[in-house]
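Okay, so here's the structure we're looking at.
The values are calculated or read from the model by the stated rules, or taken from the named source; none is laboratory data. It should be emphasised that the depicted structure is a prediction, and the values quoted were computed from it without experimental measurement. Positions of Cβ are generated from backbone atoms using ideal geometry, with glycine treated the same way; all protein chains shown enter the neighbour counts.
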Amino acid sequence: MLRALSGLKRKMFCTLLIVGLLVPALPVAAMAIPGDGDESFAWNLANDEEDRFTTLLAAATAAGLADELGDCALEIEVTLFAPTNEAFDALRAEIGDDAYNDLLGDPETLRAILEYHMLPALVYSEDLLFLPRTYDTILGPSIDVTVGDFAVINGRAVVWEVDYDTCNGVIHVIDAVLLPPDIEEDCQTIAEIAAADGRFTTLLAAAGIAGLDDELADPDFGPVTLFAPTDTAFAALRAALGEDAWNALLADPATLGNVLLFHMLEGKVYSSDLPAPGNSIVAPTLLGQDLLIEVTTDGVLINGVAMVIQTDIDACNGVIHVIDAVLVPELDAPTVPTTPTTPAPPASEATTVPVLPATGIGPEGSLPWQALVLVALSMGLAYTAVRKYGLARS
């Protein structure tokens, strides 16, 4: 069959064939479900075939937003992330009946929550599903969109359906209600969560010595991703170093600060951002040195020495992943000075950092390989067509 086609047509056929093979591998949510573009947000939500947005519409009415959602003459085009009834039911179970009823009875707070679900611009799935980004909302505070098998907002809400066109914007369906940082009921800082947990007394003491305690306690700091060693992890490091070397480390705020910064990444990196088992990524830390994050069938291994034993503890200023060993960076000076009476620990007992690969994927991820293939094929096809057109004219 291919032999009967001209060169250009053969390239087009191959491209379409490959596209057909790749499309099923893309996220399910990438398949757009169009709404009625001649009707408003309110009309499209009210006429959903499964009646999934009755709570959202009732909340919009209580918040005084019903008229705006029904207005096709809005001054700006809007992207609306629409939580389903099940999403509101999950919120009710999360915060309790009393708090939920108080929320529904507070129009000002309810309006703020709904405006946190709206962007003052059109954002379609072609950007949303493939490019991790931060978007400013109509309320003001931003939302973080990470990309894995699905787009996930603030590590909380999965984007299930996309691109419902309306006369005043576009709707994407999500499975959880987003709560703005300043009114989120369970929002605590990294320092508050660590203090309440009880497993991180050494980490918090080290942060105090290094002058990082104020940052970890500041809701406006970051956000950062913290790989948090437990007290047991620090005790193992202390045993490996010996008392004198351990005390010397605690007496050196600069070195201690570098060690802690080696445990932090910029932005929120959730477990859903990691690749499938058998793969790895390289992530730059706030210290500037990289971490090798390996995803195995047994769990997530950091720099070959620390296993992640708990993931995705969300905080106002970041996200915490608990690890079972302390990560030690490469420093210009000796990490911990020793004395003639306190020899350095044997190499078999010392905490080491493996040589990191020169290439990898950063914490913000990259385009899916299918999308890169499609882009390359499209560019090649376009170039061939233009070249043949030019030859024909000459």
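Can you say whether Ala58 is without any contact (Cβ under 8 Å) to a residue 60 or more places away in the chain and part of a helix (DSSP H, G or I), as far as the supplied structure shows?
Spelling it out, Ala58 is indeed without any contact (Cβ under 8 Å) to a residue 60 or more places away in the chain and part of a helix (DSSP H, G or I).
Note down all Cβ pairs under 7 Å where the first residue falls in region 63-89 and is under 9 Å from Asn168 (Cβ atoms), the second is of a type in the set (Asp, Glu), and they're at least six residues apart or on different chains.
These pairs meet every condition: Leu74/Glu68.
Closer than 16 Å to Val170 by Cβ, among the small types (Gly, Ala, Ser), in contact (Cβ under 8 Å) with a residue 12 or more places away in the chain and surrounded by 15 or more Cβ atoms within 10 Å (Cβ to Cβ): which single residue out of Ala112, Ala151 fits that description? Give the derivation first.
Values: Ala112 fails: closer than 16 Å to Val170 by Cβ.
After applying the criteria, what remains is Ala151.
Give the residue that is farthest from His321 (Cα to Cα), with candidates limited to residues of region 214-271 that are assigned to a helix (DSSP H, G or I) and touching a Phe, Trp or Tyr at 6+ places or on another chain (Cβ under 6 Å).
So, considering only residues that are assigned to a helix (DSSP H, G or I) and touching a Phe, Trp or Tyr at 6+ places or on another chain (Cβ under 6 Å), the one farthest from His321 (Cα to Cα) is Arg238.
Every residue in region 147-199 that is outside any strand (DSSP E or B) and more than 20 Å from the chain's Cα centre (by Cα), please.
Step one: list which residues in region 147-199 are outside any strand (DSSP E or B), which gives 148-150, 154-156, 167-168, 175-199.
Those that are outside any strand (DSSP E or B) and more than 20 Å from the chain's Cα centre (by Cα): Cys167, Asn168, Ile183, Glu185, Ala191, Glu192, Ala194, Ala195, Ala196, Asp197, Gly198, Arg199.
Kindly provide the set of residues from region 243-291 that are over 23 Å from Ala191 (Cβ atoms), touching a residue at least 12 places away in the same chain (Cβ under 8 Å) and among the polar types (S, T, N, Q), ordered by number.
Once the filter is applied, which keeps residues that are over 23 Å from Ala191 (Cβ atoms), touching a residue at least 12 places away in the same chain (Cβ under 8 Å) and among the polar types (S, T, N, Q), region 243-291 yields Ser272, Asn279, Ser280, Gln289.
Here is a check on your reading of the model: is Ala99 of a type in the set (A, V, I, L, M, F, W, C), surrounded by 14 or more Cβ atoms within 10 Å (Cβ to Cβ) and touching a residue at least 24 places away in the same chain (Cβ under 8 Å)?
When the stated conditions are applied, Ala99 does not pass them.
Report the residue count in region 111-144 for those that are over 25 Å from Ser40 (Cβ atoms), part of a strand (DSSP E or B) and within 12 Å of the chain's Cα centre (by Cα).
Selection size over region 111-144: 3.
Kindly indicate which of Ala195, Ala176 is hydrophobic (A, V, I, L, M, F, W, C) and more than 30 Å from Arg52 (Cα to Cα).
Ala195 is the lone residue from the list that is hydrophobic (A, V, I, L, M, F, W, C) and more than 30 Å from Arg52 (Cα to Cα).
From the list Gly267, Gly288, Gly299, which residue is more than 22 Å from Val152 (Cβ to Cβ) and small (Gly, Ala, Ser)?
On inspection, the qualifying residue turns out to be Gly288.
Checking the structure you have, find out if any residue of region 84-95 is within 13 Å of Leu178 (Cα to Cα), among the hydrophobic types (A, V, I, L, M, F, W, C) and not in a helix (DSSP H, G or I).
Among the residues of region 84-95, not one is within 13 Å of Leu178 (Cα to Cα), among the hydrophobic types (A, V, I, L, M, F, W, C) and not in a helix (DSSP H, G or I), which makes the answer no.
Condition first: among the small types (Gly, Ala, Ser) and either outside the structural domain of Leu261 (by TED's automatic domain parsing) or surrounded by 16 or more Cβ atoms within 10 Å (Cβ to Cβ) (or both). Now tell me which residues in region 196-235 satisfy that. Don't jump to the end; show me each part of the working.
Taking region 196-235 first, the residues among the small types (Gly, Ala, Ser) are 196, 198, 205-208, 210-211, 217, 222, 228, 233, 235.
Those that are among the small types (Gly, Ala, Ser) and either outside the structural domain of Leu261 (by TED's automatic domain parsing) or surrounded by 16 or more Cβ atoms within 10 Å (Cβ to Cβ) (or both): Ala206, Ala207, Ala210, Ala217, Gly222, Ala228, Ala233.
Could you list, in sequence order, all residues of region 35-59 that are within 13 Å of Val173 (Cα to Cα) and not acidic (Asp, Glu)?
Scanning region 35-59 gives Gly35, Phe41, Asn44, Leu45, Arg52, Phe53, Leu56.
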